1. Quick check on packing: order 56-67, 72-83, 15-26 by the mean number of other C-beta atoms within 10 Å, highest mean leading.
2. With the convex hull built on the Cα atoms of the stretch 88-128, state its orientation-averaged projected area in nm².
3. Please compute the length gained on full extension between GLU134 and ASP118, using 0.36 nm multiplied by the number of residues separating them and subtracting their Cα-Cα distance.
4. Length gain on complete extension for the stretch LEU2 to VAL43, per 0.36 nm per residue less the alpha carbon to alpha carbon distance?
5. Which FRET efficiency, nearest 0.05, do ARG24 and GLN71 yield, Cβ-Cβ r, R0 25 Å?
Amino acid sequence: MLIARGQADKAQENLARITAMVHRMAEIARTLKGFTRRAGTEVQVVSLTQVVEEALLLVMPQAKRNGVPFQVTRPDHDVRVAGGRIRLEQVVVNLLSNALDAVAGRPDALVEIRLMVDDVAVLDVLDNGPGIPEAVMDQIFDPFFTTKPVGEGLGLGLSIAYKIVHDFSGSLVASNRAEGGACFRMRLPLAEPVSRAAE
């Protein structure tokens with residue numbers, strides 16, 4: 001349609017994005033096949049900045065359907081961690097998708113993503129939903145545990161995310177925000193010193 005309208009540049013841009021997504025799908029398929037043969041814990045240098053950008057792209061349709069804006073805060077420099085790109089993207093997509101579910105239907109719905117660098121890389125996914133009931137806080141990462149209605153979740157997303165992050169020597173912690181809503185904090189080892197990453 002774009003070519004018929006004489007908008008070849010836009011068509012080329014869309015085709016490039018489609019091609020990139022097809023390559024990503026092939027990589028995801030290879031990773032899934034690998035789960036049957038190995039733990040999939042190979043560690044390499046990964047741009048956490050890029051992981052966040054790609055995860056946002058994947059959940060954007062859900063965000064638009066729910067009318068939820070994203071607020072993203074990140075450093076000017078690339079944040080590189082030791083991990084696996086596809087598996088880390090799976091973690092971030094899961095956290096963002098859960099946050100979107102938590103704020104669904106709220107007129108003031110907002111999901112925040114904060115990427116920071118301390119002695120490690122820190123990624124916070126925050127929402128202004130109802131928060132996590134204190135009674136179930138200790139079970140939130142247990143396999144098959146879910147607070148969603150029957151039929152709307154298997155309760156595996158957070159447990160898989162927790163395992164992936166720990167496979168890469170990181171941590172994933174859930175908490176409730178004082179102003180309301182939940183915060184999921186992922187911490188991962190940096191792939192190189194902050195001084196070099198900032199160059």
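What follows is calculated from the coordinates using simple rules that are stated; it is not laboratory data. Predicted model only: the values in this text are computed from it and were never measured. Every residue, glycine as well, gets a Cβ built from its backbone with ideal geometry; the counts of neighbours run over all protein chains shown.
1. Working: 56-67: 14.1, 72-83: 16.9, 15-26: 11.2.
In descending order of packing, they fall as 72-83, 56-67, 15-26.
2. Over all viewing directions, the stretch 88-128 projects a mean Cα-hull area of 3.0 nm².
3. Values: separation 16, 0.36 × 16 = 5.76 nm, distance 2.84 nm.
Here the segment from GLU134 to ASP118 would lengthen by 2.9 nm.
4. The LEU2-VAL43 span can extend by a further 10.6 nm.
5. Values: r = 25 Å, r/R0 = 1.00.
It comes out at approximately 0.50.
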